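Computed from the coordinates by the stated procedures, all read-outs in this text should not be read as laboratory data. Quick caveat, the model's predicted, so the values are computed rather than measured. We place every Cβ from the backbone using ideal geometry, glycine too, and count neighbours over all the protein chains shown.
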Amino acid sequence: MAILTVENLHKNYGTIQALKGISFTVPKGSVFGILGPNGSGKTTLLGIIVDILRATSGTVKLFDETPTREHRKQIGTFLETPNFYHYLNAVQNLEIAAAIKGHGKEDIDRVLQMVSLDQRKLSKFSTYSLGMKQRLALASCMLGSPEVMIFDEPTNGLDPVGIAETRELIKKLNKQGKTIIMASHLLDEVEKVCTHVAIMQKGTLITHGHVDEILVQEDIVETGAADV
Ligand code: ATP
């Protein structure tokens with residue numbers, strides 16, 4: 001089953017054509033990387049998929065259907081570090097996030113354990129390192145155990161330990177059966193974490209498919225699609 005299908009997506013910001021007809025399908029159970037340099041349209045694409053941006057034209061289907069509110073509940077999103085309350089601890093912040101999303105509190109301990117924050121769950125958010133803040137954001141998207149998770153540059157700004165931990169977490173979620181869609185500008189990240197990749201450049205999709213087949217094509221890597 002296709003978790004997500006986008007067909008001929010266009011997005012214009014005034015005269016800027018951010019997306020120029022993007023089409024691809026994300027298979028269930030994949031870690032699907034959207035790889036491209038800054039400005040190639042990754043964030044715009046993810047914004048349309050999660051319904052915070054409106055496409056100029058084209059369609060998005062979730063679970064082979066036109067998205068409904070119920071479908072969207074099955075998606076956890078991490079598009080930017082959310083505005084947690086600095087003077088509250090991790091548990092209190094997740095209680096608020098769970099209430100906003102319509103989930104109960106019973107999931108909070110599980111997600112904190114998954115992101116290795118259980119030992120620091122009673123510390124104020126203001127005392128957290130950037131890596132811990134990022135992990136709390138990932139924990140927030142895991143509330144309610146959504147089938148699909150969408151991450152925009154999930155390792156951005158992290159130190160090497162934080163990067164390794166986040167990549168391991170993504171692989172762990174995938175082993176648990178979750179489908180992950182993630183934008184990245186790092187070729188090595190996509191190689192290490194993803195099963196599938198779509199390569200974007202200047203609002204177009206150059207190619208997409210299984211990582212093993214796509215990233216061996218030297219000409220693809222040499223296009224400068226990734227700035228590493
Ligand atoms: P980055 O990693 O830097 O966020 P990206 O690959 O995610 O890059 P987008 O942020 O989607 O790319 O940007 C695609 C293009 O659309 C760029 O030319 C960008 O300048 C432009 N753009 C994005 N958002 C807006 C906006 N709100 N108004 C005008 N232009 C925008």
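Counting Lys and Arg as +1 and Asp and Glu as -1 over every other residue whose Cβ lies under 11 Å from the Cβ of Asn156, the net charge comes to -4. The stretch between Val216 and Ile96 holds 38.7 nm of extra length on full extension. This uses 0.36 nm per residue minus the Cα-Cα distance.
Summing Lys, Arg as +1 and Asp, Glu as -1, what charge do residues with Cβ under 11 Å from the Cβ of Lys11 carry, Lys11 excluded? So the surrounding residues net to +2.
With the Cα gyration tensor of the stretch 22-151 giving a ≥ b ≥ c as the square roots of its eigenvalues, does the rule (a/c under 1.5 for rounded; else a/b larger than b/c for prolate; else oblate) give rounded, prolate or oblate? Verdict is prolate for the stretch 22-151.
What does the C-alpha gyration tensor say about the overall shape of the chain? Classify as rounded when a/c is under 1.5, otherwise prolate if a/b is larger than b/c, or oblate. Prolate. Counting only lysines at least 8 places from Lys11 when in the same chain, those with an alpha carbon closer than 27 Å to its own are Lys20, Lys28, Lys42, Lys61, Lys73, Lys202. Just checking the listed ones, Val216, Val50, Val26: in the Gaussian network model of the chain with Cα springs under 10 Å, the one fluctuating most is Val216. Projecting label points 7 angstrom from Cα along Cα→Cβ for Thr127 and Thr15 puts them 5.4 nm apart. Compared with the dominant Cα axis of the chain, that is its longest principal axis, helix 160-175 is turned about 80°. Report, in degrees rounded to the nearest 10, the 0 to 90 angle that the Cα long axis of helix 130-142 makes with the longest principal axis of the chain. Between helix and principal axis, roughly 80 degrees. In this rough spin-label picture, where each label sits 7 Å from Cα along the Cβ direction, the Asn8-Arg167 distance is 3.9 nm. Peptide packing: for 151-161, 94-104, the average count of neighbouring Cβ atoms within 10 Å per residue gives the ranking 151-161, 94-104, highest mean first. Shape class for the stretch 47-86: oblate, because the ratio a/c of the largest to smallest gyration tensor axis (alpha-carbon atoms, square roots of eigenvalues) is 1.5 or more and b/c is at least a/b. Does anything in the stretch 183-211 have its amide N under 18 Å from the 7 Å Cα→Cβ label point of Ser116, and if so which residues? Within reach of a label on Ser116: 193.
With a Förster radius of 41 Å applied to the C-beta separation of Asp159 and Thr66, the computed FRET efficiency comes to 0.45.
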